[in-house]
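To keep things clear, I will list the structure first and then write my remarks on it.
Laboratory data are not the source of any read-out in this text; all were calculated from the coordinates shown. No experiment lies behind these values; they were computed from the predicted model shown. Positions of Cβ are generated from backbone atoms using ideal geometry, with glycine treated the same way; all protein chains shown enter the neighbour counts.
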């Protein structure tokens, strides 16, 4: 009886996801490198030709930003103060919602030999992963002071250049190593746990949950309870992003936006 009930619930979830109303299909002129979402729910699609497309939840283009190169790491945060880090120039920019640069800074070599990834922490601080010594550092940006500096144990991180993404969220620091999955550190740079998900290229957040797409499913992890759940997407995609009322599917050079309820 329990097996039948579980199967029925699973089929209902599959049906609910598969039947979501499509809001928009947006083709792009080049391969999509990545996509993300800000806190209010606007989406950002980064294409390999150096463009960042900001679209609203219904797929309407708000801003098209073009540059010679894409940021190594882009974080739209709350949508009011965007962040972009360029590894080649060892520089990070703060931008307005219109993508006008508000401020631009170079990483002081006195604080990092080989800055590999840099992400914002709050309004005025940064987390920095230094590939020279596999260290994780927290910088007080206005005063260029190091508040936290931890050399990550080689059994956890043997080569920082394997990391492709770094993110501060809910007082944790998250690093993506596609060989292993998502590594979680606390505010002191101590490694807490690793979410084993080898092969994934992206992860995102919704409320108190971290999630990533793999094998046709969204895998969600509660940051405070450790509970996990799975939402079948029912569609093949390169990446999936969800908000309280939308789901964005990335497929090659196209994104699709659906009405969605994540609960």
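The table below gives the values:
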item	result
Cα gyration tensor, the range 20-94 - rounded (a/c under 1.5), prolate or oblate	oblate
Peptide ranges 150-156, 135-141, 234-240 listed from the most packed, as the mean C-beta count within 10 angstrom indicates	135-141, 234-240, 150-156
Value of [θ]222 nm, deg cm²/dmol, for the chain, DSSP H segments ≥ 4, -39500 (n - 2.57) each, nearest 500	-2000 deg cm²/dmol
Shape of the chain, Cα gyration tensor, a/c cut at 1.5	oblate
With Cα atoms, 0 to 90° folded angle of helix 2-18 axis to the chain main axis	70 degrees
Virtual spin-label span in nm between residue 24 and residue 48, 7 Å along Cα→Cβ	2.4 nm
Label-reachable residues, the range 139-175, where backbone N falls under 20 Å from a point 7 Å from residue 132's Cα toward its Cβ	139-154, 157-163
Cα gyration tensor shape for the range 142-213, rounded if a/c is under 1.5, else prolate or oblate	oblate
